[in-house]
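Here the structure comes first, spelled out in structure tokens, and everything after it is commentary.
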């Protein structure tokens with residue numbers, strides 16, 4: 001089966017996925033939809049059989065697509081997912097699912113009516129290092145976890161606008177939240193704090209917080225803290241987590257994990273691209289209709305969205321929020 005894929009969005013993540021998909025023998029990039037026909041055409045020219053569109057429904061009407069990638073900013077999600085569910089077209093969504101849990105909750109209810117192949121771009125779940133951490137934790141009792149996402153503020157207007165991006169917890173740090181859900185389990189309660197320290201003085205119209213911290217109480221009793229900032233100069237970045245267990249410490253950052261016990265240190269690096277793995281699994285699921293290897297379905301990703309949403313609520317009410 002030749003899998004015909006449509007790409008919505010013409011930014012970096014669209015190109016990342018399109019480039020990977022175009023290396024697969026059974027995949028064709030058939031269509032690209034952008035905010036303008038010009039942008040879509042320029043993007044489509046890179047892929048032999050792709051046609052550019054500036055209208056989502058026109059693309060779906062004119063192309064027989066087996067799957068669609070939605071690589072758009074948080075505020076643009078919602079109606080496209082609903083349309084794809086109605087047309088029974090499998091879709092892949094780049095995280096986050098939206099600016100809050102409101103629209104994703106409606107989408108989850110629609111998906112519950114009839115199963116559909118979906119996937120969400122929490123690509124770190126597919127990394128060898130995270131899979132190894134998951135295996136190691138089977139023999140450890142977790143005490144607590146600390147996580148972090150420290151970087152600079154993306155220089156796009158929508159990202160610095162809270163109403164359009166949902167803020168750093170929602171747009172970036174969601175990766176760490178999702179990994180802790182994947183490795184530790186579901187969450188009982190959160191409490192978050194955020195502040196405006198630097199970026200509002202450097203850039204105009206900044207409404208997102210540039211520092212924040214999130215305390216998490218898991219159902220299992222594990223306690224975690226995740227801290228983030230976007231005040232660092234461009235080029236400086238640090239992200240990852242540390243598990244503190246009855247046997248030692250597990251330090252993870254993208255592409256590498258270090259296990260530190262009384263016996264010494266063990267270091268492992270990823271050898272495969274998790275973006276490739278998540279795309280391959282999604283394409284395989286389209287062909288087989290079997291979703292068991294998809295590590296982040298839309299329904300599962302919604303549970304991560306609920307936590308980042310609760311963090312924003314906690315900041316507003318200045319108190320703890322229980323996860324429903």
Residue 234 being in contact with a strand residue (DSSP E or B) (Cβ under 9 Å, 6 or more places away or on another chain), surrounded by fewer than 20 Cβ atoms within 10 Å (Cβ to Cβ), touching a residue at least 60 places away in the same chain (Cβ under 8 Å) and over 19 Å from residue 136 (Cβ atoms): yes
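Would you mind finding the one in 264, 248 that is in the same structural domain as residue 178 (by the TED database), modelled with pLDDT of 95 or more, farther than 29 Å from residue 118 by Cβ and out of contact with any strand residue (DSSP E or B) (no Cβ under 9 Å at 6 or more places or on another chain)? Walk me through how you get there before you give the answer.
On the way: 248 fails: out of contact with any strand residue (DSSP E or B) (no Cβ under 9 Å at 6 or more places or on another chain).
The conditions single out 264.
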Scope segment 39-55; condition under 21 Å from residue 89 (Cα atoms), buried (at least 19 other Cβ atoms within 10 Å of the Cβ) and touching a helix residue (DSSP H, G or I) at 6+ places or on another chain (Cβ under 7 Å); matching residues: 50, 52, 53
Members of segment 177-192 found to be surrounded by fewer than 20 Cβ atoms within 10 Å (Cβ to Cβ) and either touching a helix residue (DSSP H, G or I) at 6+ places or on another chain (Cβ under 7 Å) or part of a loop (DSSP other than H, G, I, E, B) (or both), listed by number: 182, 185, 186, 191
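Any chance segment 21-34 includes a residue that's closer than 26 Å to residue 163 by Cα and within 24 Å of the chain's Cα centre (by Cα)? Give the derivation first.
Narrowing segment 21-34 to residues closer than 26 Å to residue 163 by Cα: 33-34.
From what is left, the residues that are within 24 Å of the chain's Cα centre (by Cα) are 33-34.
Yes, segment 21-34 contains a residue that is closer than 26 Å to residue 163 by Cα and within 24 Å of the chain's Cα centre (by Cα).
Residues checked against (1) touching a strand residue (DSSP E or B) at 6+ places or on another chain (Cβ under 6 Å); (2) in a loop (DSSP other than H, G, I, E, B); (3) touching a residue at least 24 places away in the same chain (Cβ under 8 Å); (4) over 20 Å from residue 88 (Cα atoms):
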site	(1), (2), (3), (4)
286	yes, no, yes, no
292	no, yes, no, no
308	no, no, yes, yes
314	yes, no, yes, yes
319	no, yes, yes, yes
324	no, yes, no, yes
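Condition check ((1) assigned by the TED database to the domain that holds residue 235; (2) surrounded by 14 or more Cβ atoms within 10 Å (Cβ to Cβ); (3) in a helix (DSSP H, G or I); (4) touching a helix residue (DSSP H, G or I) at 6+ places or on another chain (Cβ under 7 Å)) across all residues:
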position	(1), (2), (3), (4)
103	no, yes, yes, no
112	no, no, yes, no
116	no, yes, no, yes
119	no, yes, no, yes
133	yes, yes, yes, yes
138	yes, no, yes, no
145	yes, yes, no, yes
149	yes, yes, no, yes
155	yes, no, no, no
Qualifying residue in segment 227-238 (condition: assigned by the TED database to the domain that holds residue 318, in a helix (DSSP H, G or I) and within 23 Å of residue 306 (Cβ to Cβ)): no
Failed condition for residue 229, given (1) more than 18 Å from the chain's Cα centre (by Cα); (2) under 12 Å from residue 150 (Cβ atoms): (1)
Filter result (more than 25 Å from the chain's Cα centre (by Cα) and either without any contact (Cβ under 8 Å) to a residue 24 or more places away in the chain or part of a helix (DSSP H, G or I) (or both)) within segment 60-80: 61, 62
Residue among 99, 85 that is farther than 24 Å from residue 276 by Cβ, in a loop (DSSP other than H, G, I, E, B) and touching a helix residue (DSSP H, G or I) at 6+ places or on another chain (Cβ under 9 Å): 99
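For segment 1-18, give me each residue that is surrounded by fewer than 14 Cβ atoms within 10 Å (Cβ to Cβ) and at pLDDT 95 or above.
The initial filter retains those residues of segment 1-18 that are surrounded by fewer than 14 Cβ atoms within 10 Å (Cβ to Cβ), namely 1-2, 12.
Hits for segment 1-18 are 2, 12.
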Subset of segment 24-47 that is in a loop (DSSP other than H, G, I, E, B) and free of Cβ contacts under 8 Å to residues at least 12 places away in the same chain - its residue that is nearest to residue 122 (Cα to Cα): 25
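The values are calculated or read from the model by the stated rules, or taken from the named source; none is laboratory data. This one's a predicted model, so the numbers in the text were calculated from it and none came from an experiment. All Cβ positions, glycine included, derive from the backbone under ideal geometry; neighbour counts span all protein chains shown.
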